[in-house]
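Colleague: What follows is a structure written as structure tokens; I'll ask about it next.
The values are calculated or read from the model by the stated rules, or taken from the named source; none is laboratory data. The model shown is predicted, which means the values in this text are computed figures rather than measured ones. Note: ideal-geometry Cβ built from the backbone for every residue, glycine included; neighbour counts use all protein chains shown. Accessible surface areas use protein heavy atoms only, side chains included; no ligands, DNA or RNA. Shrake-Rupley method; radii C 1.70, N 1.55, O 1.52, S 1.80 Å.
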Amino acid sequence: MIVGEQKPFDEVWEMVKSHKQLTVFGCNTCVAVCHQGGNKEAEILASLLKMRATKEGVDIEIVDGGIERQCEHPFFESAKELLEDTEAVLSLACGIGVQFMAQKYKKTPIYPALNTTFLGDVQEDGYFTEKCQACGDCVLGVTGGVCPVTRCCKRLFNGPCGGSSDGKCEISKDIDCAWQLVIDRLKAMGKLDDYEKLTPIKDWSKDRAGGPRSFKLEGF
Amino acid sequence: MEIKTKSRLEKVLKNGHMAVSSECGPPRSSDPAHIIEKGHLIKNHVDCINITDNQTSVTRLCSLAACIHLKQEGLEPVLQMVVRDRNRIALQSDILGAASHGIHSMLCLSGDHQRFGDSPEGQNVFDIDSMQLLQTVRYMRDEGKFLGGDAIKVPPNMFVGAAANPFADPFEIRVPRLAKKIAAGAEFIQTQCVYNLDKFELWMKGVVERGLHEKVFIMPGITPMRSVGMAKYMARAVPGMDVPKELIDRLSGVPKDKQSEEGITIAVEAMERLKECTGVAGFHIMAIEWEEKVPEMVERAGFYPRPEFD
């Protein structure tokens, strides 16, 4: 799923304080799982902004709302009037949702309440870790199910580097060495000999290097 | 052994001599005087001089320019090249540029992560990794082609090396990893600083068992300790560095003003012991900002004078 983190409150306030009316709008799927951007969080953020407005004597009408997903047209039906009549939107979606709304409501300012941080998993309640960078050419089949693009700080395809120490990365004791994990997995599967196979030079044109990506299903 | 390039290091190694290389770090300045001076301090005692490439991710005068300065002084530089800062276009371009200036040896490295340097907020590149850089240089030299497949009219004439760290984890893949670097095209290896001689010899035993020492020239890295403080710092803070407690104790047992001398002695003793180790083809002396001590170390270890060629 997509993981995001709310921006510092002061930064959010600075973005929206000049408006007379604002809709704080949640996205109730990915970013709701990490308790940062769901409809409930939109309600809380709206309350905080109202308090700040009162404190600073700023006249701004703030309402909140939300839908299941801000990245697909059908979900917007239920919020049609709310969004068409609003002066500005503070979206708690990831960057995809913010852009989708900006495209949909051509004249309405749409502000991001979140920093979209990564594609990750839920290791345990309240703990999320990055696992994929959507490089467009998955190598997990040869790396024991551990992604070197995402999890090696130097994205080495033939690691580990000389900085791997006690299973940790040279840049931080809080980061696992991805190649230690690859090797542990290969060993557990009885495939350690595969370590010596050289991984060829990657085609990054399928990554962001090749420009914005899209894909269209035929027959829809 | 067939000599493939004009590299002096290759000539020394393939003529059966123990090679001695050293390294100099370029200045954080546009004035090359200091690195030229350092090069001249050691030129008669080493076969070649590695020039580091923005080591520890601190921005410096570029390795290629520093190599050219040394070359113009008649010295023999080894171009160090990291894949952190340049994509495949820039790497191949710099390889051609180096070869055009008569630089015929290079060392392919990943590079320290930028978090350690003066630009922790910078982007890193890592378009290819250090193994793939080895493959790239060998492909350019041996096939006479760019990675994109186009022919290179005059291919770069490069003797190609890589680093190895026998002390990084996991230890069990450190010999397979060397085999992988050889398969990728490494012709010489300069290792991480060796302080734990027992562990180095254990690694070399694995290397020799697989016959890898017959496929690549292995040069252990030697860095003299200037003080017990330096030894403790390296043990504590440098990832992948193995500094045994006995070494720290030995330096601690010496008065402060004698510790640097003791550090030199320890380094010389390491070379004397390791030159007897099967598969060791020479030494790479990294006397970090202490280049003036290199001649003494080379002489005391019995590697002076250096071989001369016509």
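Colleague: If packing is taken as the average count of other Cβ atoms within 10 Å, what order do A:137-150, A:35-48, B:13-26 fall into, highest mean first?
Modeller: Put in order of decreasing packing, that is B:13-26, A:35-48, A:137-150.
Colleague: Another question, if that's okay. Just checking the output field for A:170-179: average partner chain Cβ neighbours within 10 Å of each residue's Cβ?
Modeller: If you average over the peptide's residues, the count of other-chain Cβ atoms is 3.
Colleague: Putting +1 on Lys and Arg Cβ atoms and -1 on Asp and Glu Cβ atoms, find which of B:Leu96, B:Gly302, B:Ala267 reaches farthest to the positive end of the dipole of chain B.
Modeller: B:Leu96
Colleague: Please state the relative contact order of region A:2-118 as a whole percent: Cα pairs under 8 Å, 6+ residues apart?
Modeller: Numbers: 240 pairs, mean separation 41.5, N = 117.
Once normalised by length, the contact order is 35 percent.
Colleague: Count the DSSP beta bridges whose two residues both fall in the protein assembly as shown, then state the antiparallel fraction as a percent rounded to the nearest 5.
Modeller: 25 percent
Colleague: A follow-up question, please. If chain B were replaced by its equivalent ellipsoid, with semi-axes equal to the square roots of 5 times the Cα gyration tensor eigenvalues, what would those be, largest first, whole Å?
Modeller: Working through the eigenvalues yields semi-axes of 29, 22, 21 Å.
Colleague: Any idea what diffusion coefficient region B:73-155 gets from Stokes-Einstein, in µm²/s, Kirkwood Rh on alpha carbon pairs, 4 °C, 1.567 mPa s? Intermediate values should be presented prior to the final figure.
Modeller: Details: Rh = 13.6 Å.
Approximately 95 µm²/s, per Stokes-Einstein.
Colleague: Between beta-carbons, use under 11 Å as the cut-off and find the net charge around B:Pro77, counting Lys and Arg +1, Asp and Glu -1. Numbers along the way, then the final one.
Modeller: Details: positive: B:Arg8, B:Lys43, B:Lys71; negative: B:Glu23, B:Glu73, B:Glu76.
Local charge sum for B:Pro77: 0.
Colleague: For B:Lys199, give me every one of the lysines with a C-alpha distance below 22 angstrom, ignoring sequence neighbours fewer than eight places off in its own chain.
Modeller: Straight-distance partners of B:Lys199: A:Lys168, B:Lys180, B:Lys181, B:Lys215, B:Lys232, B:Lys245, B:Lys275.
Colleague: Scaled to the compact-protein estimate 2.2 N^0.38 Å, what is the alpha-carbon radius of gyration of region B:153-310, rounded to two decimal places?
Modeller: So the Cα radius of gyration is 1.10 times the expected 2.2 N^0.38 Å.
Colleague: To continue, here is another question. Cα atoms only, chain A: Rg and Dmax in Å?
Modeller: 21.7, 69
Colleague: Still on this structure: Would you calculate the convex hull of the Cα atoms in region A:2-118 and tell me its volume per residue in Å³?
Modeller: 82 Å³
Colleague: Cα-based Rg of region B:129-184 per 2.2 N^0.38 Å, rounded to two decimals?
Modeller: Working: Rg = 13.8 Å, N = 56, 2.2 N^0.38 = 10.2 Å.
Cα Rg divided by the expected 2.2 N^0.38 Å: 1.36.
Colleague: From the backbone phi of region B:49-63, what are the Karplus-calculated ³J(HN,Hα) couplings (6.51 cos²θ - 1.76 cosθ + 1.60, θ = phi - 60°) in whole Hz, Gly and Pro given as x?
Modeller: Going residue by residue, I get 10, 6, 10, 6, 10, 6, 4, 6, 6, 9, 5, 9, 4, 5, 4 Hz, with x marking Gly and Pro.
Colleague: Please give the helix A:178-188 orientation as an angle from the longest Cα principal axis of chain A, in degrees from 0 to 90, rounded to the nearest 10.
Modeller: That works out to roughly 50 degrees.
Colleague: Over all alpha-carbon pairs in region A:135-204, figure out the percentage whose distance exceeds 14 Å.
Modeller: Of all Cα-Cα distances in region A:135-204, 55 percent exceed 14 Å.
Colleague: Whenever you get a sec, compute what percent of the accessible area on the protein assembly as shown sits on carbon and sulfur atoms (1.4 Å probe).
Modeller: 50 percent
Colleague: Hey, got the average number of other protein chain Cβ atoms within 10 angstrom for residues in B:180-187? Intermediate results must be reported in sequence, preceding the final value.
Modeller: Details: counts 6, 2, 0, 3, 2, 0, 0, 0.
That average works out to 2.
Colleague: Still on this structure, please answer the following. Could you give the distance between the Cα centres of region B:164-206 and region A:2-44, to the whole Å?
Modeller: One Cα centre to the other: 51 Å.
Colleague: Let me ask another. What accessible area per residue, rounded to a whole number of Å², is obtained for the protein assembly as shown using a probe radius of 1.4 Å?
Modeller: Value for the protein assembly as shown: 47 Å² per residue.
Colleague: Mind counting lysine pairs for me in region A:2-118? Cα separation below 18 Å, and the two need to be 8 or more apart along the chain or on different chains.
Modeller: 12
Colleague: Largest first, how would B:Ser29, B:Ser57 line up by accessible area (1.4 Å probe)?
Modeller: From most exposed to least exposed: B:Ser29, B:Ser57.
Colleague: Run through all the Cα pairs of the protein assembly as shown and give the fraction in each 10 Å bin from 0, expressed as whole percent.
Modeller: 3, 16, 23, 21, 14, 11, 8, 3, 0
Colleague: List the relative contact order of chain B as a percent without decimals, with contacts defined as Cα pairs under 8 Å and 6+ residues apart.
Modeller: 19 percent
Colleague: So, counting K/R as plus one and D/E as minus one, what does the shell of residues with Cβ under 11 Å around A:Leu22 add up to?
Modeller: 0
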